[in-house]
1. For region 7-148, what relative contact order do you get, as a whole percent, if you take Cα pairs closer than 8 Å and at least 6 residues apart?
2. Kindly rank 74-83, 196-205 from highest to lowest mean number of other beta carbons found within 10 Å of each residue.
3. Counting just the Cα atoms, what span does region 174-261 cover along each of its three principal axes? Round to the nearest Å and put the largest first.
4. By its C-alpha gyration tensor, with a ≥ b ≥ c as the square roots of the eigenvalues, how is region 71-230 shaped: rounded for a/c under 1.5, else prolate for a/b larger than b/c, else oblate?
5. Rounded, prolate or oblate, given the Cα gyration tensor of region 7-148, with a/c below 1.5 counting as rounded?
6. For the ranges 112-119, 216-223, what's the packing order if you count other beta-carbon atoms within 10 Å of each residue, average per peptide, and put the highest first?
7. Ranked highest first by the average count of other Cβ atoms within 10 Å around their residues, in what order do 39-51, 175-187 fall?
């Protein structure tokens, strides 16, 4: 049995242990009233520990996420997501090779506090260095479906660009870039620096890295400085993909006269001519349709199991 927190009445401990037993087999219905008061307690983490969250059912995790995200501030909600929802999410995928629908709903509910979601779920997962391809794909689908404010997503992109690279991180970058936010110049420059840092990389990078680069150039080519475009062209020759790299160079060349500071740039999503819109459709076909990759072919240095 796990060590219980000291300084609590045996009656209090017994009450919340019983709550934990109920949550370990909960599927539907009302949540115990004793559980609903936990977010209002100053020592809520200790009380939550008594209920043994690792034994909760997915339905209980969803109800708890609704309760805590609604009643805690961003900092404390981040703690709950990191301590309860993230381990439940990873354990479910590890044990069942898929994610329970209730856990998926809990992740969607967590995005209502976007800062807490990024700091409590996404960043710790990427920082761990053990994020699997399956986890990245599933969590990316949650982010893709959620409506998240630009400032929180921009901060998340900035943090992802600064982390030590893991191939699955490119899934999250591509999804955030594909939301077509009007990103601050600082974030655009950080993304440029992130991609340029692979200029001397010896290993073969996965297709999703090239797709993330293409998505970035496609969405923000008018915000990239001209000197950075020259470096990105050189990068495409060093890190070459037979389908994607040519499209990246074509996008850079198409916006040669619309660089930051040239008078033709806009902050965020660029406004192209009809011919560029036609080219963008071709690019989308390359990114989403023609570039296929078997996850089993990814380099083992990038995909790591727990």
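Bear in mind these aren't lab numbers, they're just calculated from the coordinates by the rules spelled out. Note that the structure is a prediction, hence the values are computed from the model and not measured. So basically every Cβ, Gly included, is an ideal-geometry build from the backbone, and we count neighbours across all protein chains shown.
1. Contact order relative to length: 22 percent.
2. Working: 74-83: 19.3, 196-205: 12.3.
For the peptides 74-83, 196-205, the packing ranking is 74-83, 196-205.
3. Its Cα atoms span 33, 25, 21 Å along the three principal axes.
4. prolate
5. Numbers: a/c = 1.87, a/b = 1.58, b/c = 1.19.
Verdict is prolate for region 7-148.
6. 216-223, 112-119
7. Averaged packing, sorted descending, gives the order 175-187, 39-51.
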